[in-house]
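Here, each number is a calculation from the coordinates, and none is a lab measurement. This one's a predicted model, so the numbers in the text were calculated from it and none came from an experiment. Neighbour counts run over all protein chains shown; Cβ positions are idealised from the backbone, glycine included.
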Amino acid sequence: MNKRCVLVVGGAGFIGSFLCKRLLELGYRVIAYDNLMRGKRSNVSNIANNPNFSLIVSDANDFKILTNTIIDNKIDYIFHLAANSDIQASAEDPQIEFESTSKTTWSILLAMRETGVKHLFFASTSAVYGELINDKPFKEDDCLNPISYYGSAKMASEAYIRAFSYMNGFNSLIFRFPNVIGPNLTHGVFFDFISRLKENPKQLTVLGDGTQCKPYMHVKDLVDAILLLCWDNKGVNTYNVGVETATYVRTIAEMVVSEMNLEGCSIVYGTSNVGWKGDVPKFAYCLDKIHSTGWKASMTSDEAALETIKEALK
């Protein structure tokens with residue numbers, strides 16, 4: 001059994017809780033570190049009694065608690081998933097991104113520098129690229145041109161990581177992934193549609209005209225990719241991680257209405273192909289680099305979408 005100890009910052013969140021469970025299954029000691037702004041205790045309730053797991057409720061920006069946690073538990077690896085993941089929320093208040101996304105990265109990197117931890121995984125995003133130009137899929141070395149506060153905070157975080165890694169000999173793995181879905185979602189189009197239809201089963205109002213089309217990736221596939229590459233990574237490596245297919249918002253709306261058996265429900269669409277300012281209406285990745293490692297998503301975007309809806313309605 002592997003008794004290395006890892007720290008999952010954002011470990012009670014949607015993706016973090018899945019990662020914690022898989023790490024425990026692989027024999028690691030796992031410390032979940034979460035301020036519970038987006039994370040929930042219920043997300044880790046199924047592993048709470050595992051003797052190799054513990055949850056520390058604190059903010060990554062509390063430098064003293066963070067460094068003491070690393071030192072006291074002899075942390076070998078930090079998985080950094082702490083961020084504001086609700087782009088609409090930060091569109092209203094940009095300060096959210098500074099505090100929850102870029103500042104947490106800075107704090108974690110300083111803590112690694114002080115405590116000697118050399119291994120980092122960072123959850124970045126497709127939002128760093130900005131809008132698709134001429135329908136050409138983004139490659140890892142393309143110019144970054146984010147249009148949301150969220151995307152810019154993630155881009156700044158990547159820059160911090162590159163500088164700290166060079167200066168301190170860190171091995172940093174950066175994944176840029178699209179919309180990740182699965183059980184325990186707390187926001188996003190799936191969560192919103194189901195919530196609205198529970199309030200009013202006769203009509204679903206959609207932000208935008210429904211032609212927004214993005215790849216949706218199941219959280220299980222993402223965690224598989226993280227665990228495949230995290231320990232063998234040397235230096236700084238960046239990967240687009242996602243699926244080759246994509247799903248229209250119209251398709252998601254129709255799936256939700258169908259799975260909820262709301263035959264008389266009408267779907268009302270907006271007039272713009274953008275749901276809100278900062279939203280990227282269409283997105284496509286080049287996945288050649290991650291596929292060269294042997295990893296490939298097990299579900300298409302539509303399959304992940306349908307499974308997520310079914311899980312949410314259980």
Neighbour net charge for Lys3 - beta-carbon separation under 13 angstrom, K R +1, D E -1: +2
Asp288 versus Ser272: modelled label distance in nm, points set 7 Å from Cα along the beta carbon direction: 3.5 nm
Charge dipole magnitude, Cβ of K and R +1, D and E -1 - region 144-264, Cα centre, debye nearest 20: 320 debye
MRE, 222 nm, helices only [DSSP H, n ≥ 4, -39500 (n - 2.57), over the chain, to nearest 500]: -10500 deg cm²/dmol
Highest-first arrangement of 241-249, 148-156, 10-18, where packing means the average Cβ count within 10 Å: 10-18, 148-156, 241-249
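Please give the net charge around Glu25, taking every other residue with its beta carbon less than 13 angstrom from that of Glu25, where Lys and Arg add +1 and Asp and Glu add -1.
Its environment carries a net charge of +3.
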Packing-based exposure ordering (other Cβ within 10 Å, fewest first) of Val257, Val57: Val57, Val257
Sites Arg22 and Asn261 - FRET efficiency at Förster radius 30 Å, r taken between beta-carbons, to 0.05: 0.35
Computed lengthening from Gln203 to Asn46, 0.36 nm per intervening residue step minus Cα-Cα distance: 52.9 nm
Neighbour-count order for Thr115, Thr186, fewest beta carbons within 10 angstrom listed first: Thr186, Thr115
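As a test of the definition: which semi-axes, in Å, follow for region 171-232 when you take the square root of five times each eigenvalue of its alpha carbon gyration tensor? Largest first, please.
With the √(5λ) rule applied to region 171-232, the semi-axes are 32, 13, 8 Å.
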Under-5 Å amide H pairs with Thr247, H placed in peptide plane, nonlocal only: Lys214, Tyr216
0 to 90° range, to nearest 10: angle between helix 219-229 axis and the chain longest Cα axis: 30 degrees
Cross-link pairs beyond the 19 Å C-alpha cut-off, checked among Lys136/Lys214; Lys103/Lys214; Lys74/Lys118; Lys198/Lys282; Lys74/Lys220; Lys64/Lys154: Lys103/Lys214; Lys198/Lys282; Lys74/Lys220; Lys64/Lys154
Residue exposure sequence - Asp221, Asp86 - by fewest surrounding Cβ within 10 Å: Asp86, Asp221
Cβ charges +1 (Lys, Arg) and -1 (Asp, Glu), total dipole of region 1-79, debye: 180 debye
Phi-based couplings in Hz for region 35-50 (Karplus 6.51, -1.76, 1.60; Gly and Pro marked x): 8, 6, 5, 10, x, 9, 4, 4, 5, 10, 5, 6, 10, 4, 8, 5
Convex hull volume per residue in cubic angstrom - Cα atoms of region 1-153: 128 Å³
In Hz, Karplus ³J(HN,Hα) per residue of region 12-24 (6.51, -1.76, 1.60; θ = phi - 60°; x = Gly, Pro): 9, x, 4, 6, x, 5, 5, 5, 4, 4, 5, 4, 5
Local electrostatic count at Asn50 - Lys and Arg +1, Asp and Glu -1, tallied over other residues with Cβ under 14 Å: +3
Karplus (6.51, -1.76, 1.60) ³J(HN,Hα), θ = phi - 60°, over region 204-213, in Hz, Gly and Pro reported as x: 10, 9, 10, 6, x, 8, x, 8, 4, 9
